[in-house]
Every structure is written in structure tokens, then in C-alpha cells.
Amino acid sequence: MPISISYQTIFTSRSGRFMMRKFIESRIIRTSLFFAIFWLIVNYSLFGQEKKIDQNPYESTYTKQEVYIEMRDGVKLFTSIYTPINQNKSYPFMLSRTPYSVRPYGEDTFKTNLGRNDWMEADGYIWVFQDVRGRWMSEGLYTNMTPHIPGKTMPKEVDESSDTYDTIEWLLNNVENNNGRVGQKGISYPGFYTAAGMVEGHPALLASSPQAPIADFFFDDFHHNGAFLQSYWVAVALFGYQKDGPQSESWYKSVNPQTPDGYQFYMDLGPLKNASRYYGEDNEFWTQLVEHPNYDEFWQKRSIIPHLHSVDHHVLTVGGLFDAEDLYGPLTIYKTVEKEAPALSNRIIMGPWSHGDWARERGAQQVGYIHFGDSISTWFQKNIEAPFFRSVLIEGTEPNLPEATIFDTGTKQWLEFNAWPPKEAKKMNLFFGENEGLTVNSQVESSDSSFDSFISDPKKPVPYTEETRMVFTPRKYMTDDQRFAARRPDVLVYETPVLENDLTIAGEVLAELFVSTTESAADWIVKIVDVFPPDAAKNPHAPAHIEMGNFHMMVRSEVMRGRFRNSFEKPEAFVSNKPTKVAFALQDVMHTFKKGHKLHIQVQSTWFPLIDRNPQKYVPNIYKADESDFVKAEHRVYRNAKYPSKITVDVLDKR
């Protein structure tokens, strides 16, 4: 049985937070903030930005050194090293490798936040930050998701594993007062570099924490199950251009949409082939996306997942249950390491966070309009992250932490498990039924021809949010109210009656649809939604006009590009009007649908501009589709004994 954990409320000033939230949520302010935040992200990175303060406390407690560390192939990587001035004891290294810049540059200019964890800083570390090869002040050419080379035998065979190894070796031999132990952590893309460094790791590397790590670009960030996340399109500039020599300032130019209306901007853009007006052949990443629409060797060799069999040290994987960018990565990395090395000290924590929230403390932890509690990030930093590294790197002991620490996003409490997904969870099938109903574990008797249908029009795609938004990477939608979508004719709805008891879903979710289309191509989107009671209380942390009565909170959602239903390598067209099975996994859920709520499923074929539009007429490469390829189609979802569309979930009995 899971064990509840309480956390301490630290921030109590609701009035101050409410006033600030009202200010930010002004539409005019939001529009101008988009461009300011986008500039900060692409120039300083979300996790590396510096703020101007009168006096930096690190200047009196650390010395800063900037060095170029030579890799085995002769390429030199720019590295900033912050060493505690107190030399009465030795310290472990904490390494973070990033494509987003280790700013600020200059040995007399200090970061304003080293570890993003006060307890870790109090424990004492030598903090090391490195620009990865080809980025910012480092030499070499940049490669997105550098392919790993297993069993390297040649001196000039390099990858992120070898660069991490060579960096650690240099640090041990050249930085005084180290205790011979090394840890590493990183969030998002730096999380990938952490995961890559785990593979064939240096003997001194004893603890790694990949946090929201990218694991495979065909399933994280820019793709979901082969569908292109068009909402990330503006980020292509960030990763697409090579630079000439070391650069302390950005060398790429980002696209300025010049509108707060993302839906209209991308509709006006038209087919993806029109993106050439913004990105030419000099943008290597966009060219790679266009030329590799399928999960071919190009993408496969950029996945770190097949190489995680050689991990031999302590691992703490961190993720957010509402991370719109990297949810596949942490779950898959944890499960793969667990499978490949079951005896390893391998742990996971998944909280009620969007991307990287655990590295910030805003007081109230909220995603969209759903409030999960106060100081949840602080609780994690103090009780999970700091003890993990302290035990291994300072005390030399096994971390006294649970295998899995997962937040129930319905009851809003931490739970501990001996395994994830929980071994005690039982499978439950939710079958699509008549009159928009869901039935549990048994298909409702119906004729073999029973189905629901809708017309999908690429010229009027279903939006992913009802708000007018233009964002760098969308996040709020992960808990957004889905009533607007449920009321559209091109969205199918299936729903349980009002629940008489709590229903806890804890683990993996599988959608198994039987569908057909009058055309030859389609996408399939499934959402799991928690429908609140009509009299649900208001959220005092939300704007005054937001009512929670009958709120349709999205709990999980995913898309499957239909052409990849049988193989991500070899796409297939649909046969017109032929019932066809489309099965795909949604990412894991830890959510209790409370008594008095309803569990609600939505099925649709467009989700714009979160994902790009499917032409619905099969073409070899959607990135090269013409406007004439985009056609209306009638889609059917079957719900009968012969073709029983259903959602399978893991259910936990918490009584």
C-alpha cells in the first residue's frame, strides 16, 4: 500500500500572489511578455538566466575558474568551475553540461544560482558547468542528440559519454580539494547530457539525476508518436545553426511571429513546406526534420534508450506529471534502467509540475488553473534531491529514499511505492459505449456496425486551447479545461456516470481504437479528463472569473499519427472505410478521480497548433505536402463486440 507524505507550507501570502497573477494574466501584458520571455529563453536558457543583483553572495564564498578542457579528439570545451573558498575539507564535483550557455562569462562575474537547491549548496560542492561541443564558447561542431558510439576503440570516436568521461578525468587531476566523487544533473536538454553521461560512465561518477531528460527526439519535444509538434516550430532556430568559433552572444535569429494569436499564425503559414520562407538550408535542424519524416536510422541512432544497459551507479530520475515537453524521457529512462539493471540503485520522482518547476519555488504550485499545494518544489529539493546526492557523494552511503515517489494529482498528496508502475495495480478496461458512455470491463451489447463518426476538416482544426496564445512551448494546456473541445462536433466524448467511490489510476495507459476514414490518412488524439462536480469550490489561486464547477481538467493526452500505427519506420496509408486497429500508449498517470467526479474520454483528429495538421490524404512526406493535399474526411470510431474501442488503465485500490 502507498504511504502518504505531508509537506510543509512555507509561502502564505495569497493576496500578494493573487495580485501578481492578475497582473500577468492581462492579455496585453501576456502578449508583450511572450516576446520578452522568448528572448530570455533562447539567449540565456530557461535554466541558466542571470538576474542582476547588488552583491552576489557567491563572490565571497567561491572562487571561479574558466578553463578549456581538451577532449580525446583535440576539441576543447569551455568549462566554468566554482570552488568553495573554505579549503578545510574536500568536496565532490557536481557537473552540469548544457547547450544553453554557462553564462555569465568572465572569471569576475558569477552566477546568481549555482545549484538551484539551498540544501545542496549548504552541503558543499565544486560546481562545474560546461558548454557542450559546438555550443557557445566551446569548440567543435554541434549535433542535436549526439548519437552514442558503443564500444569506442578509435581515439577520435567521441560522443557525449566520452566528453563527460574526459571532463571528469581532467577535473579529478586538475582541481584541488576534491574528494574523488562526481555527481551530475541537468534539466531538459541538459537532462539528455546527464543521461548520456551515465552510459559507459567514469568510475568516479557515482550519482546522476537526469531531470525531464530528452530521451528520443521522435517521442519527446519535437515529435509525439511521429506527429510534429508545430508549437515548437519557433525553437528550431535555437538548435539549427552552426557557429563560427567560440561565441558569448547568440549567433542565431529567432522567428518573430508578430502576433499573439498562434492559431492564426500557423494557419496563415499553411503547409509546413511554406516554412522555407523562414528557415533555409542553413538551418540544419529544420532540414533534418523535413528529410527524415519517419523513424529511420537518423532518429534511431539519436535515442539514448538502447544504450542504458551499462549504467552502474546511483540514479534519481525526476519528471513532471504535467510536463508538456519531456514526459516520455523520464518515464522511459527510469523503466529502461530498471529493466536493464534491476539490482541498481535506481529511483524516480514524478511531481505535479510542468517543465522544470521543481527547480523553482513560486509558493503555490499550480499548472494552469489547478492548484496542487504550496512549496512542493522546496519539499523535493530538501527531502529528495539534496539527500540523494549527500548520501552518495559526501557520506558514501546508500540513499535512504523510496524507489518511487509519485504525486497523486487528484488527492494532491505524495505517495511512495516499491516499484513503478505499482505491482499491486490491476488492469481495468474502459469500453466506449452507446450514448457517450463508458463501461467498465465489459463491452455493451451492440450490433457489429455500431460506431460514432465526425467530420474532420484541416481548414478548421480543433484548437488545443480556447485561449488566444502564442507561446514558445505550451504548458498550461496539460491541465486545461476541456469543455470547449467536448462541445465541438468533431470531438467524440465518452463518460462514466458520477463516481460513487474514488477511482485511482496509477501507472500506464493504453488506448486501443478501432477506426476508419473515408480518406487515407488521419491522426488520433485521446484525452483523459476529470470532470469536477457542478458545485466544485472555486480555486482561490485562479482568476476570479474561473469557475471550477463542471471543470473538465485534462489529466493525460496523447496523439498517434495514424500512418505509424504498425511501424514508426514504415508508414502505411489507411484503406478507405476499412475498420483498422490503432493502439498507442499514453504516458503514465497518478490520479484519483474522486467520488462525485466523472472520468471522461475525448477522441479527435486535430489538435492545432500543438501538432501540425495531417492532410488526411496520404502523402509520402507531410513536411512537403501541398495545400491541395489537405482534405475533409469522415472518421469513425467503432464500439462493438467485433471492434471494441477501449482505454486500459492500471487501477490502485487505496482502501
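Observations on the model:
- Unique residue being over 28 Å from residue 472 (Cα atoms), part of a loop (DSSP other than H, G, I, E, B), among the aromatic types (Phe, Trp, Tyr) and in the same structural domain as residue 499 (by TED's automatic domain parsing) when the list is 568, 574: 574
- From the list 210, 257, 271, 293, the one residue that fits, being of a type outside the set (Gly, Ala, Ser), outside the structural domain of residue 630 (by TED's automatic domain parsing) and within 22 Å of residue 160 (Cα to Cα), is 210.
- The set of residues in the stretch 227-251 being part of a loop (DSSP other than H, G, I, E, B) and either over 23 Å from the mean Cα position of the chain (by Cα) or at pLDDT below 95 (or both) consists of 241, 242, 243, 244, 245, 246, 247, 248, 249, 250, 251.
- For residue 559: the one exception among (1) outside any strand (DSSP E or B); (2) closer than 30 Å to residue 634 by Cβ; (3) of a type in the set (A, V, I, L, M, F, W, C): (1)
- Index of the failed condition, residue 154 passing every other in (1) farther than 23 Å from residue 341 by Cα; (2) modelled with pLDDT of 95 or more: (2)
- Count of the stretch 68-119 residues which are assigned to a loop (DSSP other than H, G, I, E, B), of a type in the set (A, V, I, L, M) and over 30 Å from the mean Cα position of the chain (by Cα): 3
- Restricting the first member to the stretch 401-420 and to residues that are more than 10 Å from residue 350 (Cα to Cα), and the second to residues that are assigned to a loop (DSSP other than H, G, I, E, B) and of a type in the set (Lys, Arg), the beta-carbon pairs closer than 8 Å and six or more apart or on different chains are 410/594; 411/594.
- In the stretch 258-278, the residues that are more than 24 Å from the chain's Cα centre (by Cα) and part of a loop (DSSP other than H, G, I, E, B): 258, 259, 270, 271, 278
- Yes/no for residue 246 being surrounded by fewer than 20 Cβ atoms within 10 Å (Cβ to Cβ), more than 30 Å from residue 573 (Cβ to Cβ) and assigned by TED's automatic domain parsing to the domain that holds residue 135: no
- Residue in the stretch 420-436 that is at positive phi, under 24 Å from the mean Cα position of the chain (by Cα) and not acidic (Asp, Glu) present: no
- Which numbered condition residue 215 misses (of (1) in a loop (DSSP other than H, G, I, E, B); (2) in contact (Cβ under 8 Å) with a residue 40 or more places away in the chain; (3) closer than 17 Å to residue 472 by Cβ): (3)
- All conditions in (1) surrounded by 19 or more Cβ atoms within 10 Å (Cβ to Cβ); (2) over 23 Å from residue 591 (Cβ atoms); (3) in contact with a Phe, Trp or Tyr (Cβ under 7 Å, 6 or more places away or on another chain) hold for residue 393, with the sole exception of (3).
- Test: residue in the stretch 468-483 that is at pLDDT 95 or above, assigned to a helix (DSSP H, G or I) and touching a His at 6+ places or on another chain (Cβ under 6 Å): yes
- If the condition is being in contact with a strand residue (DSSP E or B) (Cβ under 7 Å, 6 or more places away or on another chain), of a type in the set (A, V, I, L, M) and not in a strand (DSSP E or B), then the stretch 120-132 contributes only 132.
- Hey, residue 313 surrounded by 14 or more Cβ atoms within 10 Å (Cβ to Cβ), at pLDDT 95 or above and in the same structural domain as residue 192 (by TED's automatic domain parsing) or not: yes
- Residue that is surrounded by the fewest Cβ atoms within 10 Å (Cβ to Cβ), among those in the stretch 558-591 that are under 22 Å from the mean Cα position of the chain (by Cα) and of a type in the set (Val, Ile, Thr): 589
- When the stretch 326-375 is filtered for residues that are farther than 30 Å from residue 541 by Cα and either modelled with pLDDT of 95 or more or among the charged types (D, E, K, R) (or both), the ones remaining, listed by number, are 329, 332, 333, 334, 335, 336, 337, 338, 339, 340, 346, 347.
- Exactly one residue out of 511, 506 is under 14 Å from residue 438 (Cβ atoms), surrounded by 16 or more Cβ atoms within 10 Å (Cβ to Cβ), in contact with a strand residue (DSSP E or B) (Cβ under 9 Å, 6 or more places away or on another chain) and among the hydrophobic types (A, V, I, L, M, F, W, C), and it is 511.
- Identity of the residue in the stretch 78-125, among the hydrophobic types (A, V, I, L, M, F, W, C), without any contact (Cβ under 8 Å) to a residue 60 or more places away in the chain and crowded, with 18+ Cβ neighbours inside 10 Å, that ends up nearest to residue 384 (Cα to Cα): 114
- Whichever residue in the stretch 437-466 is assigned to a loop (DSSP other than H, G, I, E, B), crowded, with 16+ Cβ neighbours inside 10 Å and not polar (S, T, N, Q) and, among such residues, is farthest from the chain's Cα centre (by Cα): 444
- Count - residues of the stretch 347-377 that are crowded, with 22+ Cβ neighbours inside 10 Å, in contact (Cβ under 8 Å) with a residue 40 or more places away in the chain and either among the polar types (S, T, N, Q) or assigned by TED's automatic domain parsing to the domain that holds residue 538 (or both): 2
The values are calculated or read from the model by the stated rules, or taken from the named source; none is laboratory data. None of these values were measured; they are calculated from a predicted model. No Cβ is skipped: glycine too gets one built from the backbone with ideal geometry, and neighbour counts run over all protein chains shown.
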